[in-house]
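The values are calculated or read from the model by the stated rules, or taken from the named source; none is laboratory data. What you see is a predicted model, and the numbers here were worked out from it, not measured in a lab. Every residue, glycine among them, receives a Cβ derived from its backbone with ideal geometry; neighbour counts consider all protein chains shown.
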Amino acid sequence: MNRDLRSFLKDVREAGPDYYVEVQIELSTNLEPCILQQKLARQNRFPVIYCPQMKGSKLPLVTNVYGSYEMLGMILGLPPGSAKEQILKEYMKRIANPLPLKTVPRETAPVKEVVLRDEAVDLGLLPVVHHALQDSGKYIVVGCMIARDPDTGIPNVGMYRHEVKGHNVLGAMINPAHHGSYIARRYKELNKPMEVVLFVGHHPAVVLGSLVRGSLDLDELEAIGGLLGEPLEVTDAETVDLPVPAWAEVVIEGVIDPQKEITDGPFAEYTGYYGGVAKAWQIDVKAITMRKDAIYHDLDPAHREHNLSCVLCFESVIYEAVKKAVPTVQAVHLPASSCSLYTVYISLKKRIQGEGKLAALAALSAEINLKTAVVVDDDIDVYNEHEVLWAVATRVEADLDVSIIPRVTGAHLDPSAYDETRYKRGHMTSKVIVDATKPIDLPFATRITPSLELWASMKLDDYINLPSVPPGYEEL
Ligand SMILES: Cc1cc2nc3c(=O)[nH]c(=O)nc-3n(C[C@H](O)[C@H](O)[C@H](O)COP(=O)(O)O)c2cc1C
(Lines give C-alpha, C1' and ligand atoms only; values in the text may rest on other atoms or scores of the structure.)
Protein backbone atom coordinates (compact mmCIF):
# COMPACT_ATOMS: atom_id res chain seq x y z
CA MET A 1 0.00 0.00 0.00
CA ASN A 2 1.28 3.47 -0.91
CA ARG A 3 0.61 6.67 0.94
CA ASP A 4 -1.85 8.53 -1.28
CA LEU A 5 -3.94 11.67 -1.59
CA ARG A 6 -6.31 10.39 1.12
CA SER A 7 -3.59 9.70 3.67
CA PHE A 8 -2.26 13.22 3.05
CA LEU A 9 -5.72 14.77 3.47
CA LYS A 10 -6.12 12.89 6.74
CA ASP A 11 -2.79 14.28 8.00
CA VAL A 12 -3.64 17.90 7.16
CA ARG A 13 -7.19 17.57 8.49
CA GLU A 14 -5.73 16.43 11.79
CA ALA A 15 -3.28 19.36 11.77
CA GLY A 16 -6.28 21.73 12.05
CA PRO A 17 -8.06 24.54 10.20
CA ASP A 18 -4.87 26.45 9.41
CA TYR A 19 -3.97 23.54 7.12
CA TYR A 20 -7.29 22.12 5.89
CA VAL A 21 -10.76 23.59 5.29
CA GLU A 22 -13.95 22.14 3.79
CA VAL A 23 -16.35 24.11 1.63
CA GLN A 24 -19.89 23.93 3.01
CA ILE A 25 -21.92 24.35 -0.19
CA GLU A 26 -21.93 23.17 -3.79
CA LEU A 27 -19.42 24.95 -6.05
CA SER A 28 -19.47 25.56 -9.77
CA THR A 29 -16.44 24.38 -11.75
CA ASN A 30 -16.58 27.79 -13.42
CA LEU A 31 -13.94 29.88 -11.54
CA GLU A 32 -15.38 29.35 -8.06
CA PRO A 33 -12.69 27.16 -6.40
CA CYS A 34 -10.02 29.66 -7.60
CA ILE A 35 -11.85 32.68 -6.19
CA LEU A 36 -12.11 30.98 -2.78
CA GLN A 37 -8.39 30.20 -2.86
CA GLN A 38 -7.49 33.78 -3.84
CA LYS A 39 -9.70 35.27 -1.13
CA LEU A 40 -8.10 33.06 1.53
CA ALA A 41 -4.64 34.13 0.30
CA ARG A 42 -5.62 37.79 0.73
CA GLN A 43 -6.15 36.91 4.40
CA ASN A 44 -2.74 35.21 4.52
CA ARG A 45 -4.38 31.78 4.78
CA PHE A 46 -3.14 28.89 2.67
CA PRO A 47 -5.02 25.73 3.77
CA VAL A 48 -5.77 22.74 1.54
CA ILE A 49 -9.34 23.36 0.29
CA TYR A 50 -11.65 20.35 0.04
CA CYS A 51 -14.84 20.85 -1.99
CA PRO A 52 -17.16 17.85 -1.43
CA GLN A 53 -19.91 19.00 -3.82
CA MET A 54 -19.06 20.08 -7.35
CA LYS A 55 -21.92 20.99 -9.70
CA GLY A 56 -22.29 18.48 -12.54
CA SER A 57 -19.92 15.84 -11.11
CA LYS A 58 -20.06 13.13 -8.48
CA LEU A 59 -16.37 13.65 -7.66
CA PRO A 60 -15.25 15.98 -4.87
CA LEU A 61 -12.40 18.37 -5.68
CA VAL A 62 -9.33 19.29 -3.69
CA THR A 63 -7.12 22.31 -4.35
CA ASN A 64 -4.42 24.51 -2.76
CA VAL A 65 -2.40 21.43 -1.82
CA TYR A 66 0.82 23.41 -2.44
CA GLY A 67 -0.46 26.65 -0.91
CA SER A 68 2.50 27.47 1.34
CA TYR A 69 6.17 26.63 1.73
CA GLU A 70 5.26 25.16 5.12
CA MET A 71 2.82 22.78 3.40
CA LEU A 72 5.67 21.54 1.16
CA GLY A 73 7.43 20.44 4.36
CA MET A 74 4.32 18.60 5.56
CA ILE A 75 4.10 16.84 2.17
CA LEU A 76 7.64 15.59 2.81
CA GLY A 77 6.62 14.31 6.25
CA LEU A 78 8.09 17.19 8.29
CA PRO A 79 6.07 18.69 11.15
CA PRO A 80 4.11 21.95 10.64
CA GLY A 81 6.31 25.00 11.19
CA SER A 82 9.55 23.41 9.93
CA ALA A 83 12.22 25.89 8.79
CA LYS A 84 12.43 26.50 5.06
CA GLU A 85 16.12 25.48 4.96
CA GLN A 86 15.16 22.17 6.54
CA ILE A 87 12.40 21.62 3.98
CA LEU A 88 14.82 22.17 1.08
CA LYS A 89 17.39 19.84 2.69
CA GLU A 90 14.77 17.10 3.12
CA TYR A 91 13.74 17.46 -0.52
CA MET A 92 17.35 17.23 -1.70
CA LYS A 93 17.99 14.18 0.46
CA ARG A 94 14.97 12.36 -0.94
CA ILE A 95 15.56 13.29 -4.55
CA ALA A 96 19.09 11.89 -4.34
CA ASN A 97 17.71 8.45 -3.43
CA PRO A 98 15.41 7.12 -6.18
CA LEU A 99 13.60 3.86 -5.35
CA PRO A 100 12.72 1.05 -7.80
CA LEU A 101 9.09 0.56 -8.80
CA LYS A 102 6.93 -2.14 -7.23
CA THR A 103 4.48 -3.83 -9.60
CA VAL A 104 1.22 -4.99 -8.01
CA PRO A 105 -1.63 -7.08 -9.52
CA ARG A 106 -4.44 -4.98 -11.00
CA GLU A 107 -6.98 -6.68 -8.66
CA THR A 108 -5.32 -4.97 -5.69
CA ALA A 109 -4.98 -1.56 -7.36
CA PRO A 110 -7.67 0.86 -6.08
CA VAL A 111 -7.46 2.91 -9.28
CA LYS A 112 -9.07 -0.04 -11.11
CA GLU A 113 -12.29 0.01 -9.05
CA VAL A 114 -14.08 1.73 -11.96
CA VAL A 115 -13.00 1.00 -15.54
CA LEU A 116 -14.55 2.96 -18.42
CA ARG A 117 -13.57 2.01 -21.96
CA ASP A 118 -14.63 2.86 -25.50
CA GLU A 119 -18.16 4.36 -25.56
CA ALA A 120 -18.22 4.69 -21.76
CA VAL A 121 -15.29 7.14 -21.77
CA ASP A 122 -16.57 10.58 -20.74
CA LEU A 123 -14.28 13.34 -19.48
CA GLY A 124 -17.45 15.23 -18.49
CA LEU A 125 -17.65 12.97 -15.41
CA LEU A 126 -14.72 14.86 -13.88
CA PRO A 127 -15.12 18.29 -12.20
CA VAL A 128 -12.59 19.92 -14.53
CA VAL A 129 -12.28 23.63 -13.76
CA HIS A 130 -12.40 26.75 -15.92
CA HIS A 131 -9.79 28.75 -13.95
CA ALA A 132 -9.75 32.32 -15.28
CA LEU A 133 -12.10 34.59 -17.22
CA GLN A 134 -10.21 34.59 -20.54
CA ASP A 135 -9.12 30.93 -20.50
CA SER A 136 -10.17 29.12 -23.67
CA GLY A 137 -11.91 26.37 -21.70
CA LYS A 138 -11.64 23.81 -18.92
CA TYR A 139 -8.17 22.47 -18.16
CA ILE A 140 -6.90 19.45 -16.26
CA VAL A 141 -3.84 20.98 -14.57
CA VAL A 142 -2.57 18.29 -12.20
CA GLY A 143 -2.44 15.68 -14.95
CA CYS A 144 0.91 13.93 -14.59
CA MET A 145 1.63 12.41 -17.99
CA ILE A 146 3.65 9.21 -18.37
CA ALA A 147 5.11 8.37 -21.80
CA ARG A 148 7.90 6.05 -22.91
CA ASP A 149 11.02 7.29 -24.71
CA PRO A 150 10.79 5.29 -27.99
CA ASP A 151 14.59 4.91 -28.17
CA THR A 152 15.36 3.74 -24.62
CA GLY A 153 11.98 2.50 -23.37
CA ILE A 154 12.49 4.57 -20.20
CA PRO A 155 9.26 6.15 -18.89
CA ASN A 156 9.14 9.94 -18.54
CA VAL A 157 6.73 11.88 -16.34
CA GLY A 158 5.78 15.54 -16.61
CA MET A 159 2.86 17.67 -15.50
CA TYR A 160 1.32 19.43 -18.49
CA ARG A 161 -2.00 21.17 -18.92
CA HIS A 162 -4.74 19.40 -20.83
CA GLU A 163 -7.70 21.29 -22.21
CA VAL A 164 -10.88 19.23 -22.48
CA LYS A 165 -11.71 19.37 -26.19
CA GLY A 166 -14.52 16.79 -26.24
CA HIS A 167 -15.88 13.87 -24.23
CA ASN A 168 -12.85 11.78 -25.25
CA VAL A 169 -10.33 14.33 -26.54
CA LEU A 170 -7.73 16.31 -24.60
CA GLY A 171 -5.02 18.76 -25.56
CA ALA A 172 -1.47 18.51 -24.22
CA MET A 173 0.56 21.72 -24.06
CA ILE A 174 4.17 20.63 -23.64
CA ASN A 175 6.88 23.29 -23.59
CA PRO A 176 9.16 22.56 -26.59
CA ALA A 177 12.18 22.43 -24.23
CA HIS A 178 10.65 19.78 -21.95
CA HIS A 179 11.43 16.08 -22.23
CA GLY A 180 7.79 15.34 -23.02
CA SER A 181 8.14 17.38 -26.25
CA TYR A 182 11.43 15.72 -27.13
CA ILE A 183 9.72 12.33 -26.84
CA ALA A 184 6.67 13.45 -28.85
CA ARG A 185 8.93 14.80 -31.63
CA ARG A 186 10.76 11.42 -31.76
CA TYR A 187 7.42 9.60 -32.22
CA LYS A 188 6.63 12.08 -34.99
CA GLU A 189 9.96 11.33 -36.73
CA LEU A 190 9.32 7.60 -36.37
CA ASN A 191 5.71 8.12 -37.54
CA LYS A 192 4.45 6.08 -34.60
CA PRO A 193 1.57 6.75 -32.18
CA MET A 194 2.63 7.88 -28.71
CA GLU A 195 0.85 6.10 -25.87
CA VAL A 196 0.26 8.16 -22.73
CA VAL A 197 -1.19 7.80 -19.27
CA LEU A 198 -2.26 10.79 -17.16
CA PHE A 199 -2.80 10.31 -13.48
CA VAL A 200 -4.75 12.89 -11.52
CA GLY A 201 -4.62 12.79 -7.73
CA HIS A 202 -2.03 10.94 -5.68
CA HIS A 203 0.05 11.76 -2.64
CA PRO A 204 1.34 15.31 -3.31
CA ALA A 205 4.95 14.05 -3.01
CA VAL A 206 4.25 11.88 -6.07
CA VAL A 207 3.03 14.90 -7.97
CA LEU A 208 6.16 16.85 -6.93
CA GLY A 209 8.18 13.95 -8.36
CA SER A 210 6.65 14.53 -11.79
CA LEU A 211 8.34 17.96 -11.80
CA VAL A 212 11.87 16.65 -11.20
CA ARG A 213 14.40 18.04 -13.64
CA GLY A 214 16.66 15.09 -14.44
CA SER A 215 18.36 13.89 -17.60
CA LEU A 216 16.18 12.18 -20.22
CA ASP A 217 17.40 8.74 -19.12
CA LEU A 218 16.39 9.27 -15.49
CA ASP A 219 13.42 7.01 -14.72
CA GLU A 220 11.22 9.65 -13.12
CA LEU A 221 8.88 7.03 -11.65
CA GLU A 222 11.84 5.91 -9.53
CA ALA A 223 12.58 9.53 -8.59
CA ILE A 224 8.94 9.77 -7.46
CA GLY A 225 9.50 6.79 -5.15
CA GLY A 226 12.47 8.63 -3.62
CA LEU A 227 10.35 11.69 -2.88
CA LEU A 228 7.48 9.60 -1.53
CA GLY A 229 9.93 7.69 0.67
CA GLU A 230 8.64 4.30 -0.55
CA PRO A 231 8.67 2.48 -3.91
CA LEU A 232 5.85 3.69 -6.15
CA GLU A 233 3.32 0.88 -6.65
CA VAL A 234 2.25 0.51 -10.27
CA THR A 235 0.06 -1.83 -12.25
CA ASP A 236 -0.72 -2.38 -15.94
CA ALA A 237 -2.81 0.06 -17.93
CA GLU A 238 -5.95 -1.21 -19.73
CA THR A 239 -5.28 -0.07 -23.29
CA VAL A 240 -1.64 1.05 -23.49
CA ASP A 241 1.73 -0.49 -22.63
CA LEU A 242 2.55 1.81 -19.70
CA PRO A 243 2.61 1.51 -15.92
CA VAL A 244 -0.19 3.14 -13.93
CA PRO A 245 0.21 4.31 -10.30
CA ALA A 246 -1.98 1.86 -8.37
CA TRP A 247 -2.98 4.36 -5.65
CA ALA A 248 -3.89 7.24 -7.95
CA GLU A 249 -7.41 8.65 -7.82
CA VAL A 250 -8.04 8.87 -11.58
CA VAL A 251 -6.09 7.58 -14.58
CA ILE A 252 -6.71 8.64 -18.19
CA GLU A 253 -5.20 6.45 -20.89
CA GLY A 254 -4.79 7.66 -24.45
CA VAL A 255 -2.81 7.97 -27.63
CA ILE A 256 -1.22 10.99 -29.28
CA ASP A 257 -1.07 10.87 -33.07
CA PRO A 258 2.02 13.09 -33.38
CA GLN A 259 1.05 14.15 -36.90
CA LYS A 260 -2.10 15.85 -35.55
CA GLU A 261 -2.09 19.40 -34.20
CA ILE A 262 -4.55 21.18 -31.94
CA THR A 263 -4.57 24.60 -30.22
CA ASP A 264 -4.07 25.56 -26.59
CA GLY A 265 -4.94 28.88 -24.93
CA PRO A 266 -5.45 31.67 -24.18
CA PHE A 267 -4.61 30.54 -20.66
CA ALA A 268 -3.93 32.31 -17.35
CA GLU A 269 -0.23 31.60 -16.74
CA TYR A 270 1.86 31.35 -13.58
CA THR A 271 3.27 34.81 -14.37
CA GLY A 272 -0.06 36.47 -13.56
CA TYR A 273 -0.68 37.28 -17.25
CA TYR A 274 -2.63 35.54 -19.99
CA GLY A 275 -0.63 33.56 -22.53
CA GLY A 276 -1.77 33.42 -26.18
CA VAL A 277 -2.88 30.63 -28.47
CA ALA A 278 -0.21 28.01 -29.23
CA LYS A 279 0.14 24.60 -30.87
CA ALA A 280 -0.51 21.53 -28.74
CA TRP A 281 -0.68 17.75 -29.13
CA GLN A 282 -4.00 15.92 -29.24
CA ILE A 283 -4.74 12.99 -26.94
CA ASP A 284 -7.47 10.58 -28.01
CA VAL A 285 -8.67 9.07 -24.76
CA LYS A 286 -9.07 5.28 -24.78
CA ALA A 287 -9.96 4.57 -21.14
CA ILE A 288 -10.59 6.21 -17.78
CA THR A 289 -10.07 4.22 -14.60
CA MET A 290 -10.67 5.50 -11.10
CA ARG A 291 -11.52 4.71 -7.53
CA LYS A 292 -15.22 4.27 -6.79
CA ASP A 293 -15.11 7.40 -4.56
CA ALA A 294 -12.36 9.20 -6.50
CA ILE A 295 -11.20 12.70 -5.52
CA TYR A 296 -10.25 15.14 -8.29
CA HIS A 297 -7.06 17.16 -7.65
CA ASP A 298 -6.98 20.67 -9.10
CA LEU A 299 -4.56 23.59 -8.85
CA ASP A 300 -5.09 27.24 -9.76
CA PRO A 301 -2.43 27.76 -12.44
CA ALA A 302 -2.28 31.56 -12.07
CA HIS A 303 -2.08 31.46 -8.28
CA ARG A 304 1.15 31.33 -6.28
CA GLU A 305 0.36 27.67 -5.54
CA HIS A 306 1.55 26.83 -9.05
CA ASN A 307 4.91 28.49 -8.44
CA LEU A 308 5.30 26.94 -5.00
CA SER A 309 4.78 23.44 -6.36
CA CYS A 310 7.98 23.89 -8.41
CA VAL A 311 10.03 25.90 -5.93
CA LEU A 312 11.90 23.04 -4.21
CA CYS A 313 12.84 21.53 -7.56
CA PHE A 314 14.31 24.83 -8.83
CA GLU A 315 15.96 25.77 -5.53
CA SER A 316 17.69 22.40 -5.30
CA VAL A 317 19.08 22.69 -8.85
CA ILE A 318 20.39 26.21 -8.16
CA TYR A 319 21.80 25.27 -4.74
CA GLU A 320 23.80 22.38 -6.22
CA ALA A 321 25.20 24.58 -9.00
CA VAL A 322 26.19 27.42 -6.67
CA LYS A 323 27.75 24.98 -4.21
CA LYS A 324 30.08 23.73 -6.94
CA ALA A 325 31.27 27.30 -7.61
CA VAL A 326 31.21 28.59 -4.03
CA PRO A 327 31.26 25.79 -1.42
CA THR A 328 30.42 28.22 1.39
CA VAL A 329 26.92 28.95 0.03
CA GLN A 330 24.54 29.14 2.98
CA ALA A 331 21.04 29.35 1.51
CA VAL A 332 19.17 29.78 -1.76
CA HIS A 333 15.61 31.04 -2.08
CA LEU A 334 13.23 31.91 -4.92
CA PRO A 335 10.81 34.45 -3.40
CA ALA A 336 7.08 34.23 -4.12
CA SER A 337 7.24 37.87 -5.36
CA SER A 338 9.15 36.64 -8.44
CA CYS A 339 6.74 33.80 -9.34
CA SER A 340 9.20 31.66 -7.27
CA LEU A 341 11.25 31.49 -10.46
CA TYR A 342 12.64 34.72 -11.93
CA THR A 343 14.68 36.05 -8.99
CA VAL A 344 16.94 34.12 -6.65
CA TYR A 345 18.35 35.25 -3.32
CA ILE A 346 21.64 33.55 -2.40
CA SER A 347 23.57 33.94 0.86
CA LEU A 348 27.28 33.17 1.22
CA LYS A 349 30.02 33.08 3.77
CA LYS A 350 32.25 35.11 1.48
CA ARG A 351 35.91 34.04 1.57
CA ILE A 352 37.56 35.74 -1.40
CA GLN A 353 37.01 38.80 -3.55
CA GLY A 354 34.51 38.39 -6.38
CA GLU A 355 32.68 35.38 -4.97
CA GLY A 356 29.33 37.19 -4.97
CA LYS A 357 29.33 37.51 -8.74
CA LEU A 358 30.72 34.00 -9.18
CA ALA A 359 27.77 32.56 -7.22
CA ALA A 360 25.33 34.61 -9.31
CA LEU A 361 26.85 33.38 -12.58
CA ALA A 362 26.57 29.77 -11.43
CA ALA A 363 22.90 30.29 -10.49
CA LEU A 364 21.98 32.05 -13.72
CA SER A 365 23.47 29.30 -15.85
CA ALA A 366 21.85 26.52 -13.79
CA GLU A 367 18.23 27.53 -14.40
CA ILE A 368 17.24 29.19 -17.68
CA ASN A 369 14.13 30.83 -16.25
CA LEU A 370 16.13 32.93 -13.78
CA LYS A 371 16.49 36.63 -14.61
CA THR A 372 18.00 38.18 -11.50
CA ALA A 373 20.44 36.77 -8.95
CA VAL A 374 20.88 38.77 -5.74
CA VAL A 375 23.79 37.63 -3.58
CA VAL A 376 24.05 38.62 0.10
CA ASP A 377 26.30 37.83 3.05
CA ASP A 378 25.38 35.21 5.61
CA ASP A 379 24.05 37.78 8.12
CA ILE A 380 21.07 38.26 5.78
CA ASP A 381 18.11 35.88 5.88
CA VAL A 382 17.26 35.03 2.26
CA TYR A 383 13.73 34.05 3.32
CA ASN A 384 13.11 37.59 4.58
CA GLU A 385 12.66 39.83 1.55
CA HIS A 386 12.83 42.97 3.68
CA GLU A 387 16.35 42.04 4.84
CA VAL A 388 17.50 41.19 1.32
CA LEU A 389 16.27 44.53 -0.03
CA TRP A 390 17.95 46.30 2.93
CA ALA A 391 21.24 44.68 1.95
CA VAL A 392 20.70 45.80 -1.67
CA ALA A 393 19.90 49.33 -0.49
CA THR A 394 22.95 49.64 1.77
CA ARG A 395 25.65 47.43 0.22
CA VAL A 396 25.21 47.94 -3.52
CA GLU A 397 26.70 50.62 -5.75
CA ALA A 398 25.19 50.00 -9.17
CA ASP A 399 28.26 50.76 -11.34
CA LEU A 400 30.36 48.21 -9.45
CA ASP A 401 27.89 45.67 -8.14
CA VAL A 402 25.20 45.36 -10.82
CA SER A 403 25.98 43.55 -14.07
CA ILE A 404 23.59 43.07 -16.98
CA ILE A 405 24.00 40.30 -19.55
CA PRO A 406 21.56 40.95 -22.43
CA ARG A 407 20.14 38.42 -24.92
CA VAL A 408 20.31 35.19 -22.95
CA THR A 409 17.79 32.33 -23.22
CA GLY A 410 15.06 32.90 -20.64
CA ALA A 411 11.52 31.93 -19.70
CA HIS A 412 9.36 31.71 -22.81
CA LEU A 413 6.29 32.66 -20.77
CA ASP A 414 7.90 35.82 -19.34
CA PRO A 415 5.74 38.58 -20.86
CA SER A 416 8.77 40.88 -21.23
CA ALA A 417 11.03 38.32 -22.96
CA TYR A 418 12.16 39.39 -26.45
CA ASP A 419 13.43 37.99 -29.74
CA GLU A 420 16.57 38.75 -31.78
CA THR A 421 15.01 41.88 -33.32
CA ARG A 422 14.35 43.14 -29.76
CA TYR A 423 10.94 44.40 -30.93
CA LYS A 424 8.95 41.19 -30.72
CA ARG A 425 8.26 38.73 -27.93
CA GLY A 426 10.66 35.78 -27.87
CA HIS A 427 12.80 33.48 -25.74
CA MET A 428 15.50 35.89 -24.56
CA THR A 429 15.81 38.01 -21.45
CA SER A 430 18.50 40.23 -19.97
CA LYS A 431 20.04 38.61 -16.90
CA VAL A 432 20.93 40.77 -13.91
CA ILE A 433 23.52 40.14 -11.21
CA VAL A 434 23.20 42.16 -8.01
CA ASP A 435 26.19 41.56 -5.74
CA ALA A 436 25.02 42.84 -2.36
CA THR A 437 27.90 41.24 -0.45
CA LYS A 438 30.25 43.50 1.51
CA PRO A 439 33.87 43.84 0.39
CA ILE A 440 36.03 41.50 2.46
CA ASP A 441 39.41 43.22 2.32
CA LEU A 442 38.15 46.77 2.90
CA PRO A 443 36.57 48.34 6.00
CA PHE A 444 32.73 48.48 5.99
CA ALA A 445 30.22 50.01 8.43
CA THR A 446 29.26 47.81 11.42
CA ARG A 447 25.70 46.50 11.40
CA ILE A 448 23.65 47.37 14.48
CA THR A 449 22.43 44.25 16.28
CA PRO A 450 20.53 43.94 19.60
CA SER A 451 22.12 42.83 22.88
CA LEU A 452 22.08 39.03 22.64
CA GLU A 453 21.67 38.71 26.40
CA LEU A 454 18.53 40.88 26.56
CA TRP A 455 17.18 39.39 23.35
CA ALA A 456 17.27 35.97 24.99
CA SER A 457 15.96 37.01 28.40
CA MET A 458 13.13 39.49 27.55
CA LYS A 459 9.96 37.57 26.55
CA LEU A 460 7.35 39.76 24.82
CA ASP A 461 4.46 38.00 26.55
CA ASP A 462 5.82 39.07 29.95
CA TYR A 463 5.52 42.72 28.93
CA ILE A 464 2.63 43.09 26.44
CA ASN A 465 -0.59 41.17 25.62
CA LEU A 466 -0.66 40.54 21.88
CA PRO A 467 -3.03 38.55 19.61
CA SER A 468 -1.36 35.41 18.27
CA VAL A 469 -0.10 35.22 14.68
CA PRO A 470 -1.73 32.36 12.72
CA PRO A 471 0.64 29.44 12.10
CA GLY A 472 1.76 29.30 8.50
CA TYR A 473 1.87 33.10 8.41
CA GLU A 474 3.99 34.25 5.50
CA GLU A 475 4.67 37.72 4.23
CA LEU A 476 3.21 37.98 0.73
C1 LIG B 1 1.02 23.36 -11.97
C2 LIG B 1 2.02 23.11 -13.06
C3 LIG B 1 1.61 23.14 -14.36
C4 LIG B 1 2.52 22.91 -15.39
N5 LIG B 1 2.11 22.95 -16.67
C6 LIG B 1 2.96 22.68 -17.67
C7 LIG B 1 2.50 22.67 -19.02
O8 LIG B 1 1.34 22.92 -19.32
N9 LIG B 1 3.41 22.35 -19.99
C10 LIG B 1 4.71 22.09 -19.69
O11 LIG B 1 5.50 21.82 -20.61
N12 LIG B 1 5.18 22.13 -18.42
C13 LIG B 1 4.33 22.41 -17.40
N14 LIG B 1 4.78 22.41 -16.11
C15 LIG B 1 6.20 22.15 -15.83
C16 LIG B 1 6.57 20.70 -16.05
O17 LIG B 1 5.66 19.81 -15.48
C18 LIG B 1 7.95 20.39 -15.47
O19 LIG B 1 8.90 21.29 -15.96
C20 LIG B 1 8.39 18.97 -15.77
O21 LIG B 1 9.61 18.72 -15.12
C22 LIG B 1 8.55 18.71 -17.25
O23 LIG B 1 8.87 17.37 -17.43
P24 LIG B 1 9.67 16.81 -18.68
O25 LIG B 1 10.90 17.68 -18.88
O26 LIG B 1 9.98 15.42 -18.28
O27 LIG B 1 8.75 16.91 -19.87
C28 LIG B 1 3.88 22.64 -15.07
C29 LIG B 1 4.27 22.62 -13.75
C30 LIG B 1 3.35 22.85 -12.75
C31 LIG B 1 3.79 22.82 -11.32
Within the stretch 296-306, is there a residue that is touching a His at 6+ places or on another chain (Cβ under 9 Å) and closer than 28 Å to Leu190 by Cβ?
no
State which residue is surrounded by the fewest Cβ atoms within 10 Å (Cβ to Cβ) when the search covers only the stretch 235-262 and only residues that are out of contact with any Lys or Arg (no Cβ under 7 Å at 6 or more places or on another chain) and part of a strand (DSSP E or B).
Pro243
Restricting attention to the stretch 61-111, the residues that are without any contact (Cβ under 8 Å) to a residue 24 or more places away in the chain, touching an Asp or Glu at 6+ places or on another chain (Cβ under 8 Å) and assigned to a loop (DSSP other than H, G, I, E, B) number exactly 2
Please count how many residues of the stretch 267-294 are free of Cβ contacts under 8 Å to residues at least 40 places away in the same chain, under 20 Å from Pro415 (Cβ atoms) and outside any strand (DSSP E or B).
1
If you go through the stretch 44-60 one residue at a time, do you hit one that is among the small types (Gly, Ala, Ser), touching a residue at least 24 places away in the same chain (Cβ under 8 Å) and under 18 Å from Leu334 (Cβ atoms)?
no
Filter the stretch 11-56 for residues that are out of contact with any Asp or Glu (no Cβ under 8 Å at 6 or more places or on another chain), of a type in the set (Lys, Arg) and modelled with pLDDT of 95 or more and give the result.
Arg13, Lys39
Which of (1) under 15 Å from the mean Cα position of the chain (by Cα); (2) at pLDDT below 95 does Leu72 not meet, given it meets every other one?
(2)
Hits in the stretch 382-421 - residues which are basic (Lys, Arg) and crowded, with 18+ Cβ neighbours inside 10 Å
Arg395
So in the stretch 279-301, with the set limited to residues that are in contact with an Asp or Glu (Cβ under 9 Å, 6 or more places away or on another chain) and near the ligand (Cβ under 10 Å from one of its atoms), which one is modelled with the lowest pLDDT?
Pro301
Any pair with Cβ under 7 angstrom, 6 or more apart, that starts in the stretch 169-186 at a residue that is outside the structural domain of Glu367 (by TED's automatic domain parsing) and of a type in the set (Ser, Thr, Tyr) and ends at one that is modelled with pLDDT under 95 and more than 6 Å from the ligand (Cβ to nearest atom)
Tyr182/Leu216
